[in-house]
1. Evaluate the following for Ser315: is it crowded, with 17+ Cβ neighbours inside 10 Å and not acidic (Asp, Glu)?
2. Run Val371 past the list (1) part of a helix (DSSP H, G or I); (2) crowded, with 20+ Cβ neighbours inside 10 Å and report the number of the one that doesn't hold.
3. Out of Ser265, Ser288, I need the residue that is crowded, with 17+ Cβ neighbours inside 10 Å and either assigned to a strand (DSSP E or B) or not hydrophobic (A, V, I, L, M, F, W, C) (or both). Which one?
4. Output the residues belonging to the range 69-109 that are over 24 Å from Pro126 (Cα atoms), surrounded by fewer than 16 Cβ atoms within 10 Å (Cβ to Cβ) and out of contact with any Lys or Arg (no Cβ under 8 Å at 6 or more places or on another chain).
5. Given the conditions (1) over 30 Å from Thr104 (Cα atoms); (2) touching a residue at least 24 places away in the same chain (Cβ under 8 Å); (3) among the aliphatic types (A, V, I, L, M), which single one is not true for Leu191?
6. Does Arg123 fit the bill of being surrounded by fewer than 21 Cβ atoms within 10 Å (Cβ to Cβ), without any contact (Cβ under 8 Å) to a residue 40 or more places away in the chain and either in contact with a Gly (Cβ under 7 Å, 6 or more places away or on another chain) or more than 23 Å from Asp26 (Cβ to Cβ) (or both)?
7. With the condition being β-branched (Val, Ile, Thr), crowded, with 19+ Cβ neighbours inside 10 Å and not assigned by TED's automatic domain parsing to the domain that holds Gln132, I'd like the strands (runs of 3 or more DSSP E) fully within the range 12-68 carrying at least 1 qualifying residues.
8. Name the one entry in Leu397, Leu358 that is touching a residue at least 40 places away in the same chain (Cβ under 8 Å) and more than 22 Å from Arg30 (Cβ to Cβ).
Amino acid sequence: MSETTLPDGVGRVLTSQEEMEPFLRDFTGRFVGAARHVVMPTETAEVSRLLRWCSAQGIPIVTQGGNTGLAGGATPDASGDAILLSLIKMNRLRTLDLTGNTITVESGMVLQTLQDTATASNRFFPLALGAQGSCTVGGNLSTNAGGTGVLRYGSMRDLCLGLEVVTPSGDVMGGLRGLRKDNTGYDLRDLYIGAEGTLGVITAATLKLYPTPQARVTAWAGVASVDRAIELLLLAQQALSADLTAFELMSSYCVELVERKFADSPRVLARPQPWYVLLESSDQESASHAVARFETMMADACDRGVIVDAAVAQSERQSQQFWKIRERIGLSQPRNIKHDISLPTGRIAEFIARMEDLVRSAYPECRSVVVGHLGDGNIHYNVEPPTGLDETSFSALEKAVHRTVYDEVDRLRGSMSAEHGIGASKVEDLRRYKSDVELALMHAIKQALDPLGIMNPGKLIADPRITPPGDRHRLSDGGLT
């Protein structure tokens, strides 16, 4: 790493290791890097000035929002060659259009702040995540975040109408239009959403708002199997249609972990059940209408034997208690092997049963920790290793389990990354499971928009200048049998 003197007018510059350290370690603690500087701009012109200079110098840029990612996508590598660009100071509300139901904000705005801003104007922004108190809009866009409301409202790509983006050369694409229809050629916006900072820097976005729901109803149900949970999903979709906003699946072990970790965690049902479902509906008519429809659907599910037991929240406080159990699952898990996968809904039960057999037979001391957004097919199939495993043994086990899980996902025509992104941790996996045609197209886009390869190098996609796509199964074999 050589000394660099940055141009004036790029924002606040951090140079000491002590100041930079919080930005160089990711949320999970697994990824730690180094940087020439951490730069914190306050306006788009400063980002433009910095990228123009970096392009001229050939210096890599790693963009970071709230630093809450789970795949290492916002952490620089250990070389120290890159400049880390933190957007947390670019957090202003630009415009609020209540007639058009849109809001334009800068990328550094925290998701919770966005939600609160919408609520203060009697509007609703539906993206909800466990990290919403610290993750930022730019990070949500860069990973195409999903969360618990995808079933009704879609992912961040569905919630975004326009973007302001600074290209690697420092040019500004001003696409902050609040239009629902704009058929004027290639959809440049969608290129940058989910690109994890590898094509440019998202500095602002125009997002959709919705009328505030008049009522919501939340229930906690116990079911005997994943198949029964899917039956309940189909019943709920039939009865509630678009009003069904969330449908979360949790194994009994997930709830046990929460109860062990948090003494104040309530026992919702009288008896433990093999699987639990947390489901919620929103209604624009009235509370009485919402409750009547919901309770009719739940009674039908009971009569059919789909659910064993259930509790419908009687207050907003009780609803929050149900959701707190779900949100605490991630905080309750010890070190484990994480998977963020998506599958066709009809194959999820088959996948879980198959993985239980594979993992138990190969590693009987491991435990599965299964939780996810069943309504949109996104399952977090995590594997808890034996206690006391040293780091080398854990890494070897992790690699083998990843391979086995992803091979099964591929066989069932699913995706090995549903909402957490590829980052640094899944680059080789992406090369294995994407087709050669898909990889070639991704490389072509990267080469066209970032020909110098300075945007978040080593993340999402290998350097197109040195790693051409090839046979998807050429990587070394391994995994469980």
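The values are calculated or read from the model by the stated rules, or taken from the named source; none is laboratory data. Just so we're clear, the structure is a prediction, and the values are computed from it rather than from any experiment. Here the Cβ positions follow ideal geometry from the backbone for every residue, glycine too, while neighbour counts run over all protein chains shown.
1. no
2. It is condition (1) that Val371 fails.
3. On the way: Ser288 fails: crowded, with 17+ Cβ neighbours inside 10 Å.
Residue meeting the stated conditions: Ser265.
4. Correct list: Ala78, Ser79.
5. (1)
6. Against the criterion (surrounded by fewer than 21 Cβ atoms within 10 Å (Cβ to Cβ), without any contact (Cβ under 8 Å) to a residue 40 or more places away in the chain and either in contact with a Gly (Cβ under 7 Å, 6 or more places away or on another chain) or more than 23 Å from Asp26 (Cβ to Cβ) (or both)), Arg123 does not qualify.
7. 38-40, 61-64
8. Details: Leu397 fails: more than 22 Å from Arg30 (Cβ to Cβ).
The conditions single out Leu358.
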